[in-house]
Amino acid sequence: MPAMLFDSHSHLHDKKFNHDRAAAMERAKAAGVCAILALGDTLGRSRDAITLAEHSDMVFAAAGVHPCEAHEWNDESGAALRLLLDHPRVIVLGEIGLDFYWDKKEAALKQQHRAFREQLEIARERRLAVSIHCRESTSAVLDVLEEMHAGDIGGVLHCFSGNDDEARRTLRLGFHIGVGGTSTYPKSQALRDTIRKAGLDNLLIETDAPYLAPQVHRGKRNEPAFVADTASALAATLGVTVGEVAEKTWGNTLKAFRLAERGVSIP
Ligand SMILES: [Zn+2]
Ligand SMILES: [Zn+2]
């Protein structure tokens, strides 16, 4: 059993876990998962992530509005989000970003940009790292981060799916690369090559549970325990041991989220 895995991106508060959340957390512990970041996608579900984190030592929360929910972002949202960020169990702002997969209409994209940029400013003001969603939008996300000189904000491009050039731009900004279930799919060889070139020092591991289960569980609901399978696959990609992947990605996560600086200690 690899020690100290950090599932840096999950939605364990999602209703798909309502019938077995406690059991899923026990399975995660048994698989070596010691910490889980639960990310909100709306303000309401950010509150749910915080409630879960209040009741578990191993769960921490992120609050933010997802690009697919950007239609809910309005003039009052910044103040409402800041209230959630005041909570001591909130350690990251997210998930935020751009999504060019679900809705490509111009008005929706404009609203996505507004929500993304305003939340990046709030992250900067609060000195919080961000977890960024970049489905089919990696280059556009990097354009925004570069334009806003977001290196001082920092964080992770979760479920990274970019190419070598986009990986280099990510690292140049001081951001990290989130490696999830999609990296284990047979067709993802180019992504694995990019991840290998990015190097273990720059990687976090994640599930994005309940979505995107790794290959060995494909088609099933994903859950935090399965981050161990992604860690094993990553070890094979990099030619290192699972123990090295666990140890390095654990440290990378603390660094990416600047947890020492924030005085957050993880069990
Ligand atoms: Zn996402
Ligand atoms: Zn997510």
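Pull out the extension gain between A236 and R172, defined as 0.36 nm times the separation in residues minus the alpha carbon to alpha carbon distance; nm, one decimal. Each step should come with its number before you reach the end.
Working: separation 64, 0.36 × 64 = 23.04 nm, distance 2.58 nm.
Length gained, A236 through R172: 20.5 nm.
As an exercise, use a Förster radius of 41 Å and the Cβ-Cβ distance of W102 and E244 to find the FRET efficiency, rounded to the nearest 0.05. Display every interim value, and only then the final one.
Numbers: r = 36 Å, r/R0 = 0.89.
Calculated transfer efficiency: 0.65.
The orientation-averaged projection of the convex hull spanning the C-alpha atoms of segment 157-265 amounts to 6.7 square nanometres.
Considering only G154, V141, L254, whose Cα is most displaced toward the positive end of the charge dipole of segment 5-256, charges sitting on Cβ of Lys, Arg (+1) and Asp, Glu (-1)? Value: L254. If only the Cβ of Lys and Arg carry +1 and only the Cβ of Asp and Glu carry -1, the dipole of segment 5-256 around its Cα centre is close to 460 debye.
Give a quick list of trypsin sites (Lys or Arg not before Pro) in segment 84-119 that DSSP marks as loop, anything other than H, G, I, E or B, with at most 12 other Cβ atoms within 10 Å. Could you put the intermediate results ahead of the total?
On the way: sites: R89, K104, K105, K110, R114, R117; in loops: R89, K104, K105.
Here the sparse-neighbourhood loop sites are K104, K105.
Between H217 and N18, the modelled label-to-label distance comes to 2.1 nm, taking each label 7 Å out from Cα in the direction of the beta carbon.
Full extension from M4 to K110: what is 0.36 nm times the residue separation minus their Cα-Cα distance, to one decimal in nm? Could the numbers behind the result be given before it?
On the way: separation 106, 0.36 × 106 = 38.16 nm, distance 4.03 nm.
Separation in residues times 0.36 nm, less the Cα-Cα distance, equals 34.1 nm.
Take each peptide in 252-260, 63-71, count the other Cβ atoms within 10 Å of every residue, and average; sorted highest first, the result is 63-71, 252-260. Based on Cα atoms of the chain, Rg over Rh with Rh as the Kirkwood radius reads 0.93. Taking a straight line from the alpha carbon of K248, these lysines sit under 29 Å away, with near neighbours fewer than eight places off in the same chain left out: K29, K187, K197, K220. Placing a label point 7 Å from the Cα of R82 along the Cα-to-Cβ line, the residues of segment 40-72 whose backbone N sits under 17 Å from it are 63-65.
Only the coordinates and a few stated rules stand behind these numbers; no lab work does. What you see is a predicted model, and the numbers here were worked out from it, not measured in a lab. No Cβ is skipped: glycine too gets one built from the backbone with ideal geometry, and neighbour counts run over all protein chains shown.
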